[in-house]
Amino acid sequence: TYDLRIADAFKGDIADVDLWALWDMLTVPILLLRGAESDLLPADTAKAMTERGPRADLVEVPDCGHAPSLMVPDQIETVLKWAASGV
C-alpha cells in the first residue's frame, strides 16, 4: 500500500523544472527500476534516461506502481545480478 495522493504534487505545471543538465553530469553506473504503472516517471522519460547522461540500465517491473518494493525475490535478484555484473 502507499499514499494514493503521492503524485498530486506533480500534477500542476512543472514544465519549468528541467533536471536534465544535472542528470547529464552523472558519471556513475545507474540501475533505473521503474514500476510499469508509475504515475511519477513516464515511460518515455525513463527511456530517455537510458540514452543520455550516465545511460542508465532500465528494468521495468510489471504490475507495479512508481517504486518497486524490492521485497520479492525476482526484484531482489534483478538488483543483485546488476550489482554483480560489475557495471
Among M49, M25, M71, the residue with the largest mean-square fluctuation in a Gaussian network model of the chain built from Cα contacts under 10 Å is M71
Leaving out ligands, DNA and RNA, and with a 1.4 Å probe, what % of the accessible surface on the chain is carbon or sulfur? 59 percent
Per residue, how much accessible area does the chain show when a 1.4 Å probe rolls over the protein heavy atoms, in square angstrom? 74 Å²
From the square roots a ≥ b ≥ c of the eigenvalues of the alpha-carbon gyration tensor of the chain, which class results: rounded (a/c under 1.5), prolate (a/b over b/c), or oblate? oblate
Obtain the nm distance between the two label points defined at A83 and R52 by a simple spin-label model: each point lies 7 Å from its Cα along the Cα-to-C-beta direction. 3.0 nm
Which one of D39, D74, D18 has the biggest mean-square fluctuation once the chain is modelled by GNM with Cα springs under 10 Å? D18
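The values are calculated or read from the model by the stated rules, or taken from the named source; none is laboratory data. Keep in mind the model is a prediction, meaning the values are calculated, not measured. A quick note on method: Cβ atoms are made from the backbone with ideal geometry, for glycine too, and the neighbour counts reach across all protein chains shown. For accessibility, only protein heavy atoms count, side chains too; no ligands or nucleic acids. Shrake-Rupley method; radii C 1.70, N 1.55, O 1.52, S 1.80 Å.
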